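Here the structure is laid out as structure tokens; the discussion comes afterwards.
Read-outs throughout are calculated quantities, based only on the coordinates presented, and are distinct from any laboratory measurement. Treat the numbers as computed from the prediction; the structure is a model and nothing was measured. Here the Cβ positions follow ideal geometry from the backbone for every residue, glycine too, while neighbour counts run over all protein chains shown.
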Amino acid sequence: MDIVSTEKRLQMENKKLNREIKRLKKDNEVLRIANDQASRTQAYIQKDSMRQVFYNNQLLKTYPYLLILTDEQLQTVMISDVFFRYNSSFEREEFRRGVPGREVLAGVLPEDDLSILLEKCEAALRQDPVPPYLLRTVIAGKKIDWQITIKCMMKEDDIAGLNILFVDMTDVINAMERAEAADKAKSNFLANMSHEIRTPMNAIVGMSEFILRDSADEVARRHATRIKSASRTLLSIINDILDFSKIESGKMDLVNDSYQIAHLISDVASMINARLQTKPVTFKAEIDGNIPNRLYGDEVRLKQILINLLGNAMKFTQSGSILLTMRHEKIDGSHCRLFCSVSDTGIGIKPKDLKTIFSSFTQVDTKRNRAVEGTGLGLAICRQLIEMMGGSIRVESEYGKGTTFHFDVVSAVEGWQKLSDAPMSPLEQAGTAFQATFCAPQARALVVDDNEMNLDVAEGILEPYQITVVKAMSGPDALERFAEDTFDIIFMDHMMPTMDGVEAMRRIRLMKGGEEIPIVALTANALSGAAAEYRKFGFQAFLAKPIAPKSMEYILRQFLPSRLIQPIEETSKEPAVSVSAPTQAADALKAAIDEESALKYCMGNRAFLDKMLATFRKNEKTKPLETFFRAQDWENYRIVVHSLKGNALTIGALNLSEHAKELEFAARDDRIDEIMKKHEPFLKEYRSLLGAIDARKK
Ligand code: ADP
């Protein structure tokens with residue numbers, strides 16, 4: 001080999017090596033760049049994962065509810081820090097490593113609830129639907145209401161674990177329970193009020209009926225007419241307010257009947273005039289004489305709407321005038337639309353309040369109207385009734401100047417005779433007493449009530465039917481009378497001491513002839529549902545006290561055997577008694593009773609008050625009071641003081657009535673200490689009143 005060729009080959013080798021070196025250098029550069037890139041990416045990933053961990057931790061720390069994430073074996077993956085409020089025996093780190101769900105929750109839920117929860121978790125892991133549920137627990141003596149939601153977490157198609165969320169609903173549930181308790185208290189209050197109001201109303205309505213029937217004195221009759229009409233309306237309003245469940249549930253029914261609009265206007269006008277006597281406010285009615293007089297509809301409800309609107313006008317007007325207008329438009333041969341308005345020159349309503357005044361329990365401008373009584377229900381009832389009568393109501397008002405309510409209702413027309421052609425002026429027509437439409441002189445009724453005054457009222461209402469009335473003052477007394485006599489109908493008070501009306505009725509049902517006899521419950525507590533309730537007990541029907549003569553007639557027609565019912569004979573009736581002269585009460589008695597309030601229940605008639613005092617004296621209850629007190633029979637003790645409370649109120653013994661009420665409530669609520677303390681002073685007060693009544697007789 002020559003030197004030249006060797007050199008050439010070396011040169012070529014050298015070139016090749018240089019190229020290789022160059023290529024390696026380039027590769028090295030690429031690798032360096034790639035390496036740089038990789039380091040940067042790694043740094044980025046590290047930073048991102050730290051970010052994730054940070055936010056995950058923050059989420060668990062700040063999350064307001066108890067959140068538990070588990071794997072598919074129900075081992076914890078993460079838990080929100082709220083957990084440590086309920087259980088501090090774990091470290092946060094332990095959860096990350098995985099603690100069985102049962103162990104974690106053992107300190108939060110009682111064993112039974114925990115088992116249920118774990119069953120639900122198993123179901124969720126099987127992907128069965130598990131709806132959220134409520135659970136009440138007690139932790140460290142504190143009640144907690146949870147809403148628990150269990151959701152399955154998926155990783156693509158595989159189950160990754162569970163998301164279990166506990167939301168603390170204690171405040172919400174507490175608020176709901178408070179609202180329910182308030183609602184219950186409201187119903188109880190209404191039931192109590194019904195009893196309190198209806199009992200004295202019984203006397204007012206019943207006795208005004210008697211005056212109208214028996215008195216020849218024109219002035220007395222006119223006053224009695226007003227009392228009767230005003231008390232009837234008052235009663236129907238009380239009924240509506242008390243029968244609140246009806247209003248709330250929209251179950252109120254209209255009771256349609258024939259009536260004369262002349263009578264309605266007259267009743268409304270006399271009531272408003274009587275109430276306005278003490279105020280410098282004039283009342284005017286502009287009634288279109290073309291309105292058909294004989295209508296068919298719910299007179300009581302229409303009257304109620306007008307009285308409510310006029311009542312508000314009176315309440316909110318200190319001076320100036322109130323105007324009632326009424327006109328009609330014919331709809332077809334047998335219907336018309338009545339348009340009414342009530343305007344006043346009173347305080348007016350702010351524009352912002354106009355929208356809310358028709359809502360229940362809404363009273364507006366309460367700061368200014370502090371002194372004005374009301375329930376905030378009136379307009380809500382009005383609107384509902386008007387809508388039921390096919391109409392609508394609206395209001396216009398200028399704050400500080402006055403208010404006008406406009407409403408319209410559809411009414412059936414029975415006769416197109418004009419109001420202006422009605423034979424008597426509306427006011428003259430009002431004074432007719434209730435007339436019985438039949439009599440039943442062969443019929444015998446047993447009336448059972450522990451309150452003598454109520455017995456008198458029932459007897460008086462049955463008198464026009466010429467029915468023989470036998471009175472019994474207790475359940476056992478009624479059983480005795482029933483055993484020795486034959487009756488066609490029984491009226492039975494519900495609340496009586498020793499044996500109440502329901503028990504007495506049940507025993508009569510077991511006696512000979514007792515299975516079939518109509519027994520009608522008398523009750524001062526007539527909230528909605530009462531009829532069904534009494535029928536369930538075994539009564540055929542019930543009558544609300546104060547007994548309305550019309551309702552009594554309806555019951556008699558329904559339940560007396562038809563062979564006993566005869567048409568009434570038109571005989572000219574002699575007035576039975578005239579009102580006797582006032583008598584002077586002894587001083588001691590004057591101190592014990594509030595005569596003014598007593599006379600209120602006795603229609604200002606002192607002779608009647610005399611009779612009531614005698615009844616009260618005769619009915620004295622010191623013995624049963626002492627007996628039940630000694631026997632610690634608080635149920636019967638409560639019944640006696642309850643009836644004493646009503647009777648004392650009727651004769652104006654306000655203090656005694658108030659003290660009886662305290663004892664009644666103490667007995668009802670088992671506050672025996674209070675009874676022990678108050679019983680003797682009460683008896684003393686009671687005896688001293690009885691003594692004063694005796695002294696007065698001498
Ligand atoms: P209430 O029993 O409180 O009178 P209503 O539903 O009848 O309840 O009335 C609701 C509220 O509307 C009243 O409390 C009063 O603030 C306002 N209001 C009603 N009528 C009038 C009126 N004629 N003038 C001024 N304010 C009225």
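Tabulated values for the structure
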{"item": "Whichever lysines have a C-alpha closer than 18 Å to that of residue 418, once near sequence neighbours (fewer than 8 apart) are set aside", "result": "330"}
{"item": "For segment 118-197 versus segment 58-96, the gap between their alpha-carbon centres in whole angstrom", "result": "21"}
{"item": "Paramagnetic label zone (point 7 Å from Cα along Cα-to-C-beta, residue 52; backbone N under 19 Å) in segment 97-117", "result": "97-98"}
{"item": "Local electrostatic count, residue 293, Cβ distance below 11 Å [Lys/Arg +1, Asp/Glu -1]", "result": "0"}
{"item": "Nearby aspartates and glutamates by direct alpha-carbon distance to residue 22 (threshold 18 angstrom, same-chain neighbours under 8 apart not counted)", "result": "13"}
{"item": "Neighbourhood charge, 11 Å Cβ-Cβ cut-off, centred on residue 643 and excluding it, Lys, Arg +1 and Asp, Glu -1", "result": "-2"}
{"item": "From phi via Karplus (6.51, -1.76, 1.60), per-residue ³J(HN,Hα) for segment 88-94 in Hz, x at Gly/Pro", "result": "10, 8, 10, 9, 4, 4, 4"}
{"item": "Radius 12 Å from Cβ of residue 16, net charge of other residues (Lys, Arg +1; Asp, Glu -1)", "result": "+3"}
{"item": "Approximate spin-label separation residue 410-residue 112, in nm, with each point projected 7 Å along Cα-to-Cβ", "result": "5.7"}
{"item": "Mean Cβ count within 10 Å, highest first, over the residues of peptides 406-416, 492-502", "result": "492-502, 406-416"}
{"item": "Difference of contour (0.36 nm per residue) and Cα-Cα distance, residue 16 to residue 44", "result": "5.9 nm"}
{"item": "Highest-first arrangement of 210-219, 48-57, 457-466, where packing means the average Cβ count within 10 Å", "result": "457-466, 210-219, 48-57"}
{"item": "Cross-link pairs beyond the 32 Å C-alpha cut-off, checked among 186/611; 186/677; 186/315; 228/645", "result": "186/611"}
{"item": "R0 of 30 Å, Cβ-Cβ distance residue 468-residue 658: FRET efficiency to nearest 0.05", "result": "0.15"}
{"item": "Normalised contact order of segment 610-698, rounded percent, pairs of Cα under 8 Å and 6 or more residues apart", "result": "29"}
{"item": "Reachable lysines from residue 120, criterion Cα separation under 22 angstrom, eight or more residues apart if same chain", "result": "151, 155"}
